[in-house]
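Notes to accompany the following structure.
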There are 2 protein chains.
Amino acid sequence: SFALGRHITIEYYDCASNVLLDKDGVESILLKAARESGATIISSSFHQFEPQGVSGVVIIAESHFTVHAWPEHNYAAVDIFTCADNIDLDTAIHSIEAQLSSQRVFISSDQNRGILQPGFGGCTPNSDEK
Amino acid sequence: SFALGRHITIEYYDCASNVLLDKDGVESILLKAARESGATIISSSFHQFEPQGVSGVVIIAESHFTVHAWPEHNYAAVDIFTCADNIDLDTAIHSIEAQLSSQRVFISSDQNRGILQPGFGGCTPNSDEK
């Protein structure tokens, strides 16, 4: 069988809360991680909540990065959906870790999405980007 | 312990491929599902791929809905991240199922995100929307 995509969720605890307070900062962190991973950025959309908190998504040619940040808990939830072998997930995960100054990081799930039977073909960076 | 959010991933196989071909149609499907679930829509961003395929995200006050659609495989990957008890996930899941005419749907993961120790408080729709 063949999977169209891979979807991982990452927990970033004990982050620097001042970083998580700033929408533009969180957006630049995700964009930098996406670039460093080799992703092709298509668009990004981030929202600041009151009294604090940031939600955002970066749509990439190979799927997406999302983040939800709770500064009051020094916590950010990230997920990365990728449909291409050229994305370096380790680089993305560690880039975000360093930029958030997170002291406790773990991958809480790592799953294949869109599992097809043999012979269906699938997504490659050059023929069918998602 | 207390979780800040709940994150589910849903696989929609055997969808009507003509529905998945249309960016505006896929966007309206996700927006309708979000509204019907009780979510507060903040923004949406959708992208059409060539030769086919749609990626998109709806940011809601309570976190997000995302979709990646492969019309050539009659498949759509959806995830819903919610940080509020007032979101009716069953309604959202079934709304998307009906609108995509999916003949094979399942929840491939359902996890708590941002697990805190007792006494930390957390996210409620009225005090700390994400």
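For this structure, a couple of remarks:
- Order of A:PHE46, B:PHE2 - criterion: other Cβ atoms within 10 Å of each residue's Cβ, fewest first: B:PHE2, A:PHE46
- Mean ellipticity per residue at 222 nm, deg cm²/dmol - from DSSP H runs of n ≥ 4 across chain B, formula -39500 (n - 2.57): -7000 deg cm²/dmol
- B:ARG104/A:GLN117 FRET efficiency (R0 22 Å; Cβ-Cβ; nearest 0.05): 0.95
- Per-residue 3J(HN,Hα) values for the stretch B:90-98, derived from phi via the Karplus relation 6.51 cos²θ - 1.76 cosθ + 1.60 with θ = phi - 60°, read 4, 4, 4, 4, 6, 4, 5, 4, 5 Hz in sequence order (x marks Gly and Pro).
- Close amide-amide hydrogen proximity is noted between B:SER43 and B:ILE59, each under 5 Å apart and 5 or more residues distant or on a separate chain (H modeled in the peptide plane; Pro and chain starts excluded).
- Sequence of A:LEU21, B:LEU100 once ranked by neighbouring C-beta atoms within 10 Å, starting from the fewest: A:LEU21, B:LEU100
- FRET efficiency, 1/(1 + (r/R0)^6) with R0 22 Å, evaluated for B:ASP14 and B:GLN48 via beta carbons: 0.50
- Dipole magnitude of the protein assembly as shown about its Cα centre (Cβ charges: Lys, Arg +1; Asp, Glu -1), debye to nearest 20: 60
- Length released on extending from B:ASP85 to B:ASP22, taking residue separation times 0.36 nm less the Cα-Cα span: 19.5 nm
- Note, ³J(HN,Hα) from phi for the stretch A:69-79, Karplus 6.51, -1.76, 1.60, rounded to Hz, x at Gly and Pro: 10, 10, x, 5, 10, 6, 10, 9, 9, 10, 9
- Ordered by the count of other Cβ atoms within 10 Å of each Cβ, fewest first, B:ASP88, A:ASP24 give A:ASP24, B:ASP88.
- Rounded to 10°, Cα long-axis angle of helix B:23-37 versus longest principal axis of chain B: 30
- Reducing the stretch B:55-76 and the stretch A:38-89 to their Cα centroids gives an inter-centroid distance of 14 Å.
- With label points defined 7 Å past Cα in the direction of Cβ, position A:LEU89 shows copy-to-copy spacings of 2.1 nm, given to one decimal and shortest first.
The numbers here are math on the coordinates, done by the rules we state, and not lab data. Note that the structure is predicted; figures quoted are calculated from it, not measured. Neighbour counts are summed over all protein chains in view; Cβ atoms, including those assigned to glycine, are modelled from backbone coordinates with ideal geometry.
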